[in-house]
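Q: Before I ask anything, here is the structure I am working with.
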Amino acid sequence: MTAVTDTNVAIVGAGPYGLAAAAHLRRAGIDVRVIGQPMSFWQDMPAGLLLRSNWTATCIAEHQGELSLDSFCAATGTGPAKPVPLDRFVTYGLWVQQRVAPDVDRRLVGALEPGPGGFRLTLDDGATISARRVLVAAGIEPFARRPALAAELPPELASHTGDHRDFRRFHGARVLVVGGGQSALECAALLHESGARAEVAVRQDHLNWLHGGIYQRKLGRYARLVYAPTDVGPMGLSRLVAVPGLFRRLPRRAQDPLAYRAIRPAGAAWLPPRLTEVPIRLGRSVVSAAARDGQVDVTFADGGTQTVDHLLFGTGYQVDITRYPFLTGALTTRIRRAGGYPLLGPGMESSVPGLHFLGAPAAWSFGPIMRFVSGGWYTGHALVRAIAGPSRILEPAQPAPVPAPAGHAP
């Protein structure tokens with residue numbers, strides 16, 4: 001007979017959102033159990049990536065305080081790196097985990113279902129946990145958007161950018177990258193730097209590029225009036241989406257275009273120099289792809305064709321919570337949804353009392369900021385308000401001073 005352990009709140013997932021939730025709830029004195037492999041999704045992302053978000057927006061749980069990147073640098077003697085490299089962010093995330101959830105349960109949840117007084121979680125070794133509340137912070141990995149035209153292609157000929165950790169296997173290969181956002185463009189750069197013959201096919205007739213903070217620098221101290229530290233959205237809109245409680249009160253007909261404007265596909269300002277030798281074809285939409293003799297014959301909407309060794313989709317992620325493998329039908333049939341998104345109330349609580357969804361699944365209800373690490377700041381406070389009451393929200397301790405990078409004057 002498997003052991004049963006009771007907890008007040010179980011958090012499924014130990015990435016940035018799970019850790020942010022644990023940090024805020026434990027500060028408020030709430031019993032929490034975190035279940036999952038810390039920072040696992042990020043550790044499996046392509047090596048060499050740089051994070052597009054700015055310094056403050058890359059902070060987990062808070063951008064000022066004992067868990068911020070500034071505090072991490074001070075505690076570890078690490079100089080700031082901007083943009084933040086993926087491996088540095090993973091190290092930072094594991095540092096946060098050691099401070100907020102050193103007791104993380106690294107087993108995986110195999111099934112989540114209703115149980116006496118709340119929910120029952122069955123882990124991969126057969127053990128069970130009884131929880132009064134469950135916070136699903138399981139990330140976006142199951143939501144990879146894979147076009148139907150690639151359904152018949154084997155993984156050695158077609159894949160998603162999220163499938164790869166190391167692009168060196170493509171050395172010398174002709175790789176067509178499909179997509180016009182950061183993921184597609186940066187992976188094309190990494191492929192080129194790994195010795196692949198990379199090319200990019202973009203459906204739109206143009207690319208969007210971020211400005212790299214140029215307007216913030218021009219505005220100086222006034223930048224904070226129109227740009228939030230969350231770093232999501234352009235001037236003005238940045239401040240609106242940084243307050244999900246306000247954004248969600250807008251009519252849906254206003255929310256949708258504003259959300260798209262805040263998160264439309266775009267490349268970082270530091271990326272173009274790395275793509276000067278990578279052909280980028282605009283207005284090229286792939287309509288079919290077929291395997292032939294170990295290669296892929298690609299047909300475009302304009303009638304053009306191309307044969308490549310591999311087709312790589314940088315087509316992002318589409319939320320559909322029914323794709324979480326641990327959610328049982330007994331729960332999903334009770335969760336009110338809009339498309340694949342759960343409809344959430346205060347504290348990101350779903351129509352199933354006590355079941356909350358954090359991160360990207362909360363974007364339909366709370367706005368585009370939930371797709372980014374910085375959305376965890378609001379989420380942490382919202383959870384405390386919903387579970388413990390507003391009087392339990394605590395201010396974080398202030399960060400230690402950041403050491404100057406080597407070779408620079410303080």
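The values are calculated or read from the model by the stated rules, or taken from the named source; none is laboratory data. Keep in mind that this is a model prediction, so the values were computed, not measured. When we count neighbours, we look across all protein chains shown, and the Cβ atoms used for this are built from the backbone with ideal geometry, even at glycine.
Q: Of all residues in the range 229-247, how many are surrounded by 15 or more Cβ atoms within 10 Å (Cβ to Cβ), of a type outside the set (Val, Ile, Thr) and farther than 15 Å from LEU210 by Cβ?
A: 6
Q: Considering the range 144-166 alone, what residues qualify as being among the hydrophobic types (A, V, I, L, M, F, W, C) and either surrounded by fewer than 14 Cβ atoms within 10 Å (Cβ to Cβ) or touching a Gly at 6+ places or on another chain (Cβ under 8 Å) (or both)? Explain how you work it out, then say what you get.
A: Looking only at the range 144-166, we keep the residues that are among the hydrophobic types (A, V, I, L, M, F, W, C), and these are 144, 148-151, 153, 157-158.
Scanning the range 144-166 gives ALA144, ALA148, ALA151, LEU157.
Q: State all residues of the range 232-269 that are charged (D, E, K, R) and either under 18 Å from HIS381 (Cβ atoms) or touching a Lys or Arg at 6+ places or on another chain (Cβ under 8 Å) (or both); if no residue qualifies, say none.
A: As a first pass, look at the range 232-269 and keep what is charged (D, E, K, R): 239, 248-249, 252-253, 256, 261, 264.
Within the range 232-269, ARG239, ARG248, ARG249 qualify.
Q: Quick one: which of HIS356, HIS408 is part of a strand (DSSP E or B) and either surrounded by fewer than 19 Cβ atoms within 10 Å (Cβ to Cβ) or at pLDDT 95 or above (or both)?
A: Details: HIS408 fails: part of a strand (DSSP E or B).
After applying the criteria, what remains is HIS356.
Q: Are any residues in the range 326-344 within 21 Å of the chain's Cα centre (by Cα), surrounded by fewer than 14 Cβ atoms within 10 Å (Cβ to Cβ) and outside any loop (DSSP other than H, G, I, E, B), and if so, which ones?
A: ALA338
Q: Whether any residue in the range 92-104 is outside the structural domain of GLN182 (by TED's automatic domain parsing), among the hydroxyl-bearing types (Ser, Thr, Tyr) and modelled with pLDDT of 95 or more is what I want to check. If you could, list the steps in order and put the result at the bottom.
A: Keep residues of the range 92-104 that are outside the structural domain of GLN182 (by TED's automatic domain parsing), which gives 92-104.
Going one step further and asking which of them are among the hydroxyl-bearing types (Ser, Thr, Tyr), we end up with 92.
With the extra rule that they be modelled with pLDDT of 95 or more, the set shrinks to 92.
Yes; the residues of the range 92-104 include at least one that is outside the structural domain of GLN182 (by TED's automatic domain parsing), among the hydroxyl-bearing types (Ser, Thr, Tyr) and modelled with pLDDT of 95 or more.
Q: Still on this model: Do you know which residues across the range 299-323 are out of contact with any Asp or Glu (no Cβ under 9 Å at 6 or more places or on another chain) and closer than 11 Å to LEU157 by Cβ?
A: ASP309, LEU311
Q: While we're on this one: Filter the range 100-139 down to the residues that are in a loop (DSSP other than H, G, I, E, B) and surrounded by 23 or more Cβ atoms within 10 Å (Cβ to Cβ) and list them by number. It would help to see each step written out before you state the result.
A: Let us first name the residues in the range 100-139 that are in a loop (DSSP other than H, G, I, E, B), namely 101-104, 106-108, 116-117, 124-127, 137-139.
Scanning the range 100-139 gives ALA101, ALA137, ALA138, GLY139.
Q: Still on this structure, I have one more. Starting from residues that are of a type in the set (Asp, Glu) and part of a loop (DSSP other than H, G, I, E, B), keep the ones in the range 271-325 and report whichever is surrounded by the most Cβ atoms within 10 Å (Cβ to Cβ). Step through it out loud before you land on a result.
A: Filtering the range 271-325 down to residues of a type in the set (Asp, Glu) leaves 277, 293, 297, 302, 309, 320.
Now drop any that are not part of a loop (DSSP other than H, G, I, E, B), which leaves 277, 293, 302, 309, 320.
Details: GLU277: 9, ASP293: 6, ASP302: 9, ASP309: 17, ASP320: 15.
Of everything passing the filter in the range 271-325, ASP309 is surrounded by the most Cβ atoms within 10 Å (Cβ to Cβ).
Q: If you don't mind, there's one more thing I want to ask. Identify the residue in the range 214-228 that is in a loop (DSSP other than H, G, I, E, B) and more than 18 Å from ALA269 (Cα to Cα) and, among all such residues, is nearest to the chain's Cα centre (by Cα).
A: Selected residue: ALA228.
Q: Further question: Of the residues that make up the range 249-267, is at least one of a type outside the set (Asp, Glu) and within 18 Å of GLY48 (Cα to Cα)? Step through it out loud before you land on a result.
A: First, the residues of the range 249-267 that are of a type outside the set (Asp, Glu): 249-255, 257-267.
From what is left, the residues that are within 18 Å of GLY48 (Cα to Cα) are 267.
The answer is yes; a qualifying residue exists.
Q: I need the helices (runs of 4 or more DSSP H) fully contained in the range 1-93, keeping only those with at least 2 residues that are among the small types (Gly, Ala, Ser) and surrounded by fewer than 20 Cβ atoms within 10 Å (Cβ to Cβ). Explain how you work it out, then say what you get.
A: Numbers: elements: 16-27, 40-43, 69-76.
In the range 1-93, the matching helices (runs of 4 or more DSSP H) lie at 69-76.
Q: While we're looking at this one, here's another question. Does at least one position in the range 246-268 carry a residue that is among the charged types (D, E, K, R), in a loop (DSSP other than H, G, I, E, B) and under 28 Å from GLN204 (Cα atoms)?
A: Within the range 246-268 (the criterion being among the charged types (D, E, K, R), in a loop (DSSP other than H, G, I, E, B) and under 28 Å from GLN204 (Cα atoms)), the answer is yes, since at least one residue qualifies.
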